[in-house]
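Each value in this text was obtained by applying a stated rule to the coordinates, not by laboratory testing. The structure presented is a predicted model; accordingly, all values stated were derived computationally and were not measured. Neighbour counts run over all protein chains shown; Cβ positions are idealised from the backbone, glycine included.
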Amino acid sequence: MKQSQLFTKTQKNAPKDEVSTNAQLLIRGGFVDKLMAGAYTILPLGWRVLKKIEQVIREEMNAIGGQEIFMPSLQPKENWETTGRWSTMDDLYKVKDASDREYALGPTHEEIISPLMKKFVNSYKDLPFAAYQFQNKFRMELRAKSGILRGKEFLMKDLYSFHISQEDLDKYYEKAKQAYKNIFDRTGIGEKTFLTFASGGSFSKYSHEFQTETDAGEDIIFVCSECSTAYNKEISDEISHCPECKNHTFHEKKAVEVGNIFKLGTKYSAPFDLTVMNEKGEKTPVIMGCYGIGLQRLMGTLVELCSDENGILWPESVAPFRVHLISLGKNEEAEKIYKDLEKKNIEVLFDDREDTSAGAKFADADLIGIPWRVVVSQKSLAGGGVEVKKRNEKESEIIKIEELLKILKK
Ligand SMILES: [Zn+2]
């Protein structure tokens, strides 16, 4: 894409009321726009990042047998009354239409998927299976001040799994845990993300969160010094040693919850009478699990982790483009390289702007944070090629154009 065609522009300063690093950099770079506290428009550059994160998650969900669906955000009040959450869930958005009929704006979809599956599931032979979606969720968030880490409306991947027995759920739950680890590794936050024990509810002693260490975090976790498993503050009273390795020493860290997985048991299948016939021909409730990841939150956490004083440093796996090609002065060579890269399906943002200084172009490149910066100028061409620098490196080097195409094809 040509940068001259991009309708967004970078900004020197972020809005004064925006205190978080993630929102400051994402707004300045033209990735997102703040509509109001807790609600952000995703702009073209940000959408490319979010779509890449989405694709990594989709591949991992498909790998554990997830089938993708799409359920409505607008949900009938009756479903929420069936589980009792219409009156007990504090952060539920409730809306009314002109005929006084009431609806929930979905913060989660157990109330929709449980009755849905009643229509398709009759026998133990129909189990197990899992379905997931990417859907906008709504939460009445009164303290939305962490940029895109905490939204009133945000995109979430939610997977639900359905089982005949606790043992089968336990087995699937371990697979989902591994898929989550893969997602955080692949998106570049794996090293700082800890599997964290959290309270479990009636069906299991613990649930699990995935907590990423960052000063921007609003949660406190305690990380085992031996095995790096963590537990969160709400269960700190009931824990005396590491649930995985029995070690006693922990490090306290600030963290952001980037995902959670939960054994629901029959909590939602029972109220909707979601049952199957077991092998003996007896009616038995379906056992469920649920598994969530907030996409903007993952993107914001990435920015908190992968940035410096000049801007963002996107990992290659989720960068909006792989190459930022910068033309200094008018030169046909840059245009040619741009076309070559496009032809080879190497994603490139081409800074072809003619009215912008070299300094401003470099500042924009640092702010936007594309992994490879390639500068084409009379000077670089006289030196034998193009000037290449990775965003996370200080020094640039001149390499031949053919060499560049070879490196980037890898
Ligand atoms: Zn441990």
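Scaled to the compact-protein estimate 2.2 N^0.38 Å, what is the alpha-carbon radius of gyration of region 292-395, rounded to two decimal places?
In units of the 2.2 N^0.38 Å rule of thumb, it is 1.14.
Taking 45 Å as R0, compute the FRET efficiency from the Cβ-Cβ separation of residue 363 and residue 74 and round it to 0.05.
0.55
Let me have the relative contact order for the chain, percent, based on Cα pairs under 8 Å that are six or more residues apart.
Computed over the chain, the figure is 16 percent.
Where q = 0.20, 0.26 Å⁻¹, what log10 of I(q)/I(0) comes from the Debye formula for region 242-289, counting one point per Cα?
With one equal scatterer per Cα and no solvent, log10 I(q)/I(0) is -0.78, -0.99.
Under 15 Å between alpha carbons, and skipping anything fewer than 8 positions from residue 400 in its own chain: which aspartates and glutamates qualify?
By straight Cα distance, residue 400 reaches 333, 340, 387.
By average Cβ neighbour count within 10 Å, what is the ranking of 347-353, 381-387 from highest down?
347-353, 381-387
Could you derive backbone 3J(HN,Hα) for region 238-250 from the dihedral phi with the Karplus parameters 6.51, -1.76 and 1.60 (θ = phi - 60°), listing whole Hz in sequence and x where the residue is Gly or Pro?
Taking θ as phi minus 60°, the curve returns 8, 10, 10, 8, 4, x, 9, 10, 6, 5, 10, 9, 9 Hz for region 238-250.
Nearest 20 debye, what's the magnitude of the dipole of the chain about its Cα centre given +1 on Lys and Arg Cβ and -1 on Asp and Glu Cβ?
So the dipole magnitude of the chain works out to roughly 740 debye.
I need the phi-derived Karplus couplings for region 177-190: 6.51 cos²θ - 1.76 cosθ + 1.60, θ = phi - 60°, integer Hz, Gly and Pro marked x.
Those phi angles translate into 4, 5, 4, 5, 4, 4, 4, 6, 5, 5, 8, x, 10, x Hz.
P(r) of region 104-233 in 5 Å steps, Cα pairs, percent per bin?
Histogramming region 104-233 at 5 Å steps yields 2, 8, 13, 18, 22, 18, 11, 6, 2, 0 percent.
GNM, the chain, Cα, under 10 Å: largest mean-square fluctuation among 168, 219, 158?
The residue that fluctuates most here is 168.
Defining a contact as two alpha carbons under 8 Å apart and six or more residues distant in sequence, what relative contact order in percent does region 114-183 show?
Over region 114-183, the number comes to 32 percent.
Can you tell me the alpha carbon radius of gyration of region 1-155 divided by the globular rule-of-thumb value 2.2 N^0.38 Å?
The value comes to 1.28.
For region 205-348, would you read off the P(r) tail past 20 Å as a percentage of all alpha carbon pairs?
69 percent
Per 5 Å bin, what is the whole-percent P(r) computed from every C-alpha pair distance within region 137-192?
4, 15, 15, 15, 17, 18, 11, 4, 1
For residue 129, list long-range residues whose amide hydrogen, built 1.01 Å from N in the peptide plane, is under 5 Å from its own amide hydrogen.
Here 162 satisfy the definition.
Out of every Cα pair in the chain, what percent are spaced more than 40 Å from each other?
27 percent
Summarise the long-distance tail of P(r) for region 327-372 by giving the % of C-alpha pairs beyond 16 Å.
Result: 43 percent of Cα pairs exceed 16 Å.
Could you check what % of the DSSP bridge pairs in the chain are antiparallel, to the nearest 5?
Counting DSSP beta bridges with both partners in the chain, the antiparallel share is about 80 percent.
Between residue 123 and residue 165, what length comes free when the chain is fully extended (0.36 nm per residue of separation minus the Cα-Cα distance, one decimal in nm)?
13.8 nm
Please list, in chain and number order, the residues 5+ apart from residue 239 or on another chain whose amide H is under 5 Å from its amide H, with Hs placed from the backbone.
Counting only residues 5 or more places away or on other chains, the set is empty.
Only bridges with both residues in region 65-137 count here: give the DSSP antiparallel percent, nearest 5.
Taking every DSSP beta bridge with both residues in region 65-137, the antiparallel ones total about 70 percent.
Quick one: what Rg and Dmax do you get for region 189-269 from the alpha carbons, in Å?
Rg and Dmax of region 189-269, Cα atoms, are 12.6, 40 Å.
Once you keep just the Cα pairs under 8 angstrom separated by 6 or more residues, what percentage relative contact order results for region 1-145?
Rounded, it is 23 percent for region 1-145.
How many angstrom separate the Cα center of region 151-217 from the Cα center of region 353-410?
Between the Cα centres of region 151-217 and region 353-410 lies a distance of 39 Å.
Computed over the Cα atoms of region 365-410, what is the convex hull's projected area averaged over all directions, in nm²?
About 3.3 nm², averaged over all directions.
Binned at 10 Å from 0, what are the whole-percent values of the Cα-Cα distance distribution for region 59-141, short to long?
Final binned percentages: 15, 41, 30, 12, 1.
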